[in-house]
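One structure is given here, and the rest of the page talks about it.
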Amino acid sequence: MRGTASPYQKNIAQLYADFVQAAERPEDVPLLIPEFRYEGIAPKHKYRLDFTIIDPDTMDKYGFELSPWSTHGQLTGVKAKIQKQVNEELRRTSTRR
């Protein structure tokens, strides 16, 4: 499990680890990846999900996000913008998710 500040991620990851360890065939349990980043371990990343599940039989991937954009989103250059511009940028970026 990766280090995270989110108690929700820690709890879900621990429940998953307990579930896998108790499984009769752990290798058949879909893989749960916390903090899945589309660009690997690069420090700067454009997209990431709180969790991604990979089905071991089909290799299908399912991702989900627990926290809202308001806790992860970031705007740059805010000091040089008027409030109307900031609001519009927030509106555009928060609906893309």
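Out of all the residues in the stretch 57-80, which are at pLDDT 85 or above and surrounded by 11 or more Cβ atoms within 10 Å (Cβ to Cβ)?
LYS61, TYR62, GLY63 - these are the residues of the stretch 57-80 that are at pLDDT 85 or above and surrounded by 11 or more Cβ atoms within 10 Å (Cβ to Cβ).
Need pairs with beta-carbon distance below 9 Å; first residue among the acidic types (Asp, Glu) and within the stretch 55-66, second in a loop (DSSP other than H, G, I, E, B); sequence gap 6+ or separate chains.
From residues that are among the acidic types (Asp, Glu), the pairs are ASP55/PRO30; ASP57/PRO30; GLU65/ARG97.
Looking only at the stretch 16-39, count how many residues are assigned to a helix (DSSP H, G or I) and hydrophobic (A, V, I, L, M, F, W, C).
Going through the stretch 16-39 one residue at a time, the tally reaches 4.
The values are calculated or read from the model by the stated rules, or taken from the named source; none is laboratory data. Just so we're clear, the structure is a prediction, and the values are computed from it rather than from any experiment. Cβ: placed from backbone, ideal geometry, glycine included. Neighbour counts: every protein chain shown.
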